[in-house]
Every structure is written in structure tokens, then in C-alpha cells.
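**Q** Pasting a structure below so you can have a look.
The values are calculated or read from the model by the stated rules, or taken from the named source; none is laboratory data. Keep in mind that this is a model prediction, so the values were computed, not measured. For neighbour counting, all protein chains shown are included, and Cβ atoms are generated from backbone atoms with ideal geometry for every residue, glycine included. When the accessible area is computed, the model is the full protein with side chains, heavy atoms only, and any ligands, DNA or RNA have been set aside. Shrake-Rupley method; radii C 1.70, N 1.55, O 1.52, S 1.80 Å.
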Amino acid sequence: MKQALHFGGGSIGIGFIADLLHDSDYETTIVDIDSELVKQINETATFDLYLINEDYKKKQLTHVHALSSIEDQAEIIEKISTTDLITTAVWAENLPKIAPVLLQGLKKRADIGGKRVNILACENAMFNSEILRKAILALEPAADHWLDAIAAFPNTAVDRMVLASEHDGKKTIDIGRDHELVIEESKLVYPVDKPIKEAVYTTNLKKYIERKLYVVNCGHAWAGFIGFVHGYSIIQDVFHNEDLVQMIRETMWESAHLLMERYGFTKQDMIDYIDFIMDRYQTPGIKDMITRVSRSPIRKLQPEERLVGPCVQCEELGLENKRLLEGIAAAFLFDNPEDEQSVELLAYVHEHGIDDAITHFTNISLDTRMHQVIKENYQKFLEMKG
């Protein structure tokens, strides 16, 4: 059997990537920090998924094993040196944390004359695999001379509804039927050799990344931040408020018009895509906390990210961005003491003021219309929250 090494035992990691690896006939080893999860997987070499759209019918992943990222470093390095495919789903901000062990494993792979391997970072971030490659090179700049000879780093775009669950005292994951893993074909070791079944292979990844980031992730983030301002704690409650649902659709359509202009998506393409997303978010029986949906607000306010990216580009093209500006403003009010980025963001606003904070985190200049509207929305939401 082909071998795959996957970093990240979370909902996307197992409920999406490990599922696709299983269906692509890989024996998969999952690396995670959670010792209980590692133990559970290794007891039976299986993991159970439940299909939301098929009345929670069970699907069992087989030929899966697990290694502890803390206790099994030597085995992980050995696996990196020999495996047929490496994937990650650890959250983009955690990619630098797995770079050291990857560096060691790839060095060993090079030393023993191993084949060049595809490394797919399946994270919700632009140029995700490139982020990982840069994190490895940051540890050892001299690796620039040999890294690309032993590893390829195709970027990806990922999309699936996955929710952590529990059955019979064991960790499980509930998964949606619809999914999309898009892989940058031209950067594969062998572009004709497709490593994962059911993935979409493209030479123009950016249009898929931006469609996902600027419509799906944008709409979800907007719902989370605005929902928080309105006092909600569960995201599905936001999607059951008809007024807010209309505003979420308007937000998605602001991004959709940008994508139609830039990439030639048709209006029908975007109608179908937005309907598919809204169906997912309104799936009965699903419960997801706003604290999870809205986590890492600093990352979500970056210039290329889900709210600021489409907002600025709409402004440049003279397209509507009213709702996007509201979402950016609401992000500055997200308050979760257990979220490091939320704490840092609020502390910065408190110390430097909202004007400086807007520019600092979004790169939107003080002398622009957008900056003024974001500030006005911020003041309005601040009063609303009391």
C-alpha cells in the first residue's frame, strides 16, 4: 500500500484529508499532539466518521495509525524520509511549529537518496504550502540548495463542513457530503501523477483559493463577527435570523461580483456556489460556537485575507463593499479572553485607538473613505454592544 504521513488530527485533518487519503488507497499515519487521540487510533487502526447528509451513517477509515508529535519524533523523522506523500492540516499559524521535524526528516530523505515527495499544506490560507516551505528555510537558509530537489510544495485550497463529535466515548467527526480540495497541478513532483483521488487539479489555483476565501470564509467570518456584536454565541442562530441571513448573502455577493470581474465566473456559477454554502450553514442539527468561527481575528484582518482582501479590491474597481466594511469593523470588537489574537487585538485598540489599529492590522490608510466607514461602523457597533 502507498504510505501517507499527515500532520494534524483535527476535524479537517481526519474528517477531510485523512478521508481522501483513505479513499485514495493510502495507509495513513496521523501526527498529533493529543495523546488520547493517538492512543485511540492505534488501538484499532481505524477512525469513525459520520455522514451528516446520510442521516449520520458511519464510515470507518481503516489502515490508519498515529504518532505523538511530542513523544515519537524519531519515528516521525523516519516516516518523512520514506513516505509517498506528506499532508498537513494544523492551522496556518502552526506551520512553523512542524517545520523543524520536517527539516530533519527531509534531510534524512536527501541523505538516503529518497524520491522527491509532494508536501501539501491543506490550510485555510493563501499560498499555504509556500508558507510551510518558507518556514523550513527560515530555520536553515542553506537548505535552499537542496530542499526543492527532495520536496515539492504545491499550494492547495480546502473546503468541507467537518464537526468534532463523540460516539461511545470515542472521538469521531461528522462530515458534510460536499467538499473541494484544489491542488496546484504545475507544482506537483509529476504533474501527470495525481496523488489524491477526488481532488481538483488546476493551473490557476488563485481563482479557486479566492472563491473559497472571499465567499465561503468571508461570509462565515462576517457572520461570526457580526453575530458576536449582536450577542449571539452559536453561529447557527445567526443563520436563522432572516435579516442577518440577507446581509450575509449581500456580503458574499460583494465578493462574488469581484470574482466575476476578475476571473470570469458567471452569475449562475456564483448563484449556485452561494446557495450551496448557505445550505451548508443552515444544515439542521449542527451547532458551532462563534468563539471557534471567529478565532484568530488578527489573521483574518490581514490585507490578503477574507474580509480586507475583497473589500480593498472592490474599492479599487468601484464595486459595492458596504457589508465587507461592516465585517472588518466588527472584527475589532471580537472579545474572547481564551483567544490570544483577540486579546492582542483589543489591547492594541485600547492602547493606540481605533484609527491606528485599523491601519496597523489591515493596511487601510487613515486618509481613505474605507478607513472612515470602518471607524463609523466600529463606533455604531460599540454602542450596540454597550
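**Q** Could you please give the count of residues in the stretch 180-199 that are within 24 Å of E305 (Cβ to Cβ) and open to solvent by 50 Å² or more (accessible area, probe 1.4 Å)?
**A** 1
**Q** Those residues that are part of a helix (DSSP H, G or I) and charged (D, E, K, R), I need them from the stretch 1-36; list them, please.
**A** Across the stretch 1-36, the qualifying residues are D19, D23, E36.
**Q** So in the stretch 52-86, with the set limited to residues that are more than 28 Å from A152 (Cα to Cα) and open to solvent by 30 Å² or more (accessible area, probe 1.4 Å), which one is nearest to the chain's Cα centre (by Cα)?
**A** N53
**Q** Restricting to the stretch 338-374, what's the tally of residues that are open to solvent by less than 60 Å² (accessible area, probe 1.4 Å), touching a residue at least 24 places away in the same chain (Cβ under 8 Å) and assigned to a helix (DSSP H, G or I)?
**A** 11
**Q** Limited to the stretch 302-319, what total is found for residues that are in a loop (DSSP other than H, G, I, E, B), open to solvent by 50 Å² or more (accessible area, probe 1.4 Å) and modelled with pLDDT of 95 or more?
**A** 3
**Q** Related question: Which pairs do you get when a residue that is closer than 17 Å to H6 by Cβ, found in the stretch 126-138, comes within reach of a residue that is open to solvent by 40 Å² or more (accessible area, probe 1.4 Å) and in a helix (DSSP H, G or I), reach meaning Cβ atoms under 8 angstrom, with the pair 6+ apart or on two chains?
**A** These pairs meet every condition: S129/K187.
**Q** Of all residues being at pLDDT 95 or above and in a loop (DSSP other than H, G, I, E, B) in the stretch 124-155, which is farthest from K194 (Cα to Cα)? Just the residue, please.
**A** For the stretch 124-155, the residue satisfying everything is E140.
**Q** Looking at the stretch 271-280, which of its residues are within 20 Å of the chain's Cα centre (by Cα) and open to solvent by 20 Å² or more (accessible area, probe 1.4 Å)?
**A** Hits for the stretch 271-280 are F276, D279, R280.
**Q** Taking the criterion of being in contact with a helix residue (DSSP H, G or I) (Cβ under 9 Å, 6 or more places away or on another chain) and surrounded by fewer than 15 Cβ atoms within 10 Å (Cβ to Cβ), would at least one residue in the stretch 122-129 satisfy it?
**A** no
**Q** Something else: Counting just the residues of the stretch 29-51 that are over 21 Å from M161 (Cα atoms) and hydrophobic (A, V, I, L, M, F, W, C), which one comes out most open to solvent (accessible area, probe 1.4 Å)?
**A** Among those residues, the one meeting the criterion is I33.
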